[in-house]
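The values are calculated or read from the model by the stated rules, or taken from the named source; none is laboratory data. Since the structure is predicted, the reported quantities are computational estimates derived from the model, not experimental observations. For neighbour counting, all protein chains shown are included, and Cβ atoms are generated from backbone atoms with ideal geometry for every residue, glycine included.
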Amino acid sequence: MPNRIIHPEGWRPAKGYANGVLTEDGRLFIGGQIGWNANQVFESHDFIGQMEQTLRNIVAVVEAASGKIEDIVRLTWYVTDKREYVARQKEVGAAYRRVLGKHFPAMTMIVVAALVEDEALVEIEATAVLPKPKI
């Protein structure tokens, strides 16, 4: 069976990339998500608001593939401001738990000079492993 492109219902089309790709063996690769909503509009220009929306976007892709939060095995974070991330750790933790609860996959954080979308303050890519592929 071929890989399946995953795109949450109601989201504007992704241009030049896939939000997710589900392989035959149940691996779900989630392209870098940023803090905009399904209409590709930033509702927040604050790091915490964008981070929380980014995590919700990842969950939406996982759920569109019939997965659940616990299937997420890896997150790679790209942030534009290390100082803000470190200074707001308590808020980061609270926002993280609001979306992902106490599920903590393997994670990497990379500080970058900028992201492709000028308004984006954080981008997170993820990998999930679904127990029974729905291809």
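Just a few scattered comments:
- Test result for Gly67, within 12 Å of Leu130 (Cβ to Cβ), assigned to a loop (DSSP other than H, G, I, E, B) and not charged (D, E, K, R): yes
- Every residue from segment 88-113 that is exposed (fewer than 10 other Cβ atoms within 10 Å of the Cβ) and part of a loop (DSSP other than H, G, I, E, B): Lys102, Ala113
- Check on Glu70, of a type outside the set (Lys, Arg) and touching a His at 6+ places or on another chain (Cβ under 6 Å): yes
- Residues of segment 25-64 satisfying the condition of being farther than 20 Å from Lys15 by Cβ, part of a helix (DSSP H, G or I) and of a type in the set (A, V, I, L, M): Ile48, Met51, Leu55, Val59, Val62
- Count of segment 10-38 residues, restricted to those that are touching a residue at least 60 places away in the same chain (Cβ under 8 Å), small (Gly, Ala, Ser) and closer than 22 Å to Gln50 by Cα, is 3.
- For segment 117-135, filtered to residues that are exposed (fewer than 11 other Cβ atoms within 10 Å of the Cβ) and modelled with pLDDT under 95, the residue that is nearest to Lys82 (Cα to Cα) is Pro131.
- Residue list for segment 88-135, filter: touching a helix residue (DSSP H, G or I) at 6+ places or on another chain (Cβ under 6 Å), under 30 Å from Asn3 (Cβ atoms) and not aliphatic (A, V, I, L, M): His103
- Ile6 buried (at least 20 other Cβ atoms within 10 Å of the Cβ), over 13 Å from Glu123 (Cβ atoms) and within 14 Å of the chain's Cα centre (by Cα): yes
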